[in-house]
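Below is one structure, written out as structure tokens; the observations come after it.
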Amino acid sequence: MTDQRKFIESIRADPEDDVVRLVYADWLEEREQAGRAEFIRLECDVATFLKESKHRETCRCDGGNNLCTPCRDEDTWLEFSNRQWELLDILCDDFQLPEITNELGSSKGKGRDHDLRLSLTHYHGKPLDHSTYVLSRGFVEQVDCPIDWWISHGPALVRWHPVQRVELTDRQPWYRGVHAWLVQSPLIHDADTIIPIEVFNNLGLVGTVPTSTWYATREDAETARSNALIAWALEKLGDT
């Protein structure tokens, strides 16, 4: 496993700790990847601000030249946010994201509650609806995509990004009193509830028969599916 992969796997193992992210940024800068390093540091700073700042919700200053100190800090944060997008425009082609274009997603605004989102625009020449990368603290944290896209690109993506969540835009749990994922069989015809056998085999065995595994809540089913997709991608990637 390369040094770069070791950094990514360390971040994946403890995603709430920014220390490894910042050490990785230093490592990148030493290898003449200053823009990528700045992007990671900047995103960590913004994430810390978003977590700690609740001031704007109750502020009563006039918002003009006589800003209170917290609002001046807020303006500083907006400068950080704008710089995020500038860096992302510069780095987009070298960000190790498959099937991406330089046209950024619709969440490019400066709102404090927005993550950075990049639109996945096409797959096999067909437009993708509601498919996005969600970036947080310098890396892709979540992917919303069709199952075929993940099977094609998931292993390459987890090599460079500590993905924590995968939402499938074309699959939903089967529901008949419990929530279940199904695997292809002659008796099952609900295509939007079926997941590939190689992913199915990574699902937690909460309740299982050969062609289905089920959960008490939809959230449990979707979390198990997300974990299974990431585990499958890491298995395909191996130690390279």
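Looking only at the range 115-125, decide whether some residue is among the acidic types (Asp, Glu), at pLDDT 90 or above and surrounded by 15 or more Cβ atoms within 10 Å (Cβ to Cβ). No, the range 115-125 contains no residue that is among the acidic types (Asp, Glu), at pLDDT 90 or above and surrounded by 15 or more Cβ atoms within 10 Å (Cβ to Cβ). Within the range 145-159, residues that are more than 21 Å from Thr193 (Cα to Cα) reach partners that are in a helix (DSSP H, G or I) and at pLDDT below 90 with beta carbons closer than 7 Å, at six or more positions or on different chains, in the pairs Pro155/Leu237; Val158/Leu237; Arg159/Leu237.
The values are calculated or read from the model by the stated rules, or taken from the named source; none is laboratory data. Everything numeric in this text was worked out from a predicted model, so none of it was measured. As a convention, Cβ positions derive from the backbone with ideal geometry for all residues, glycine included, and neighbour counts pool all protein chains shown.
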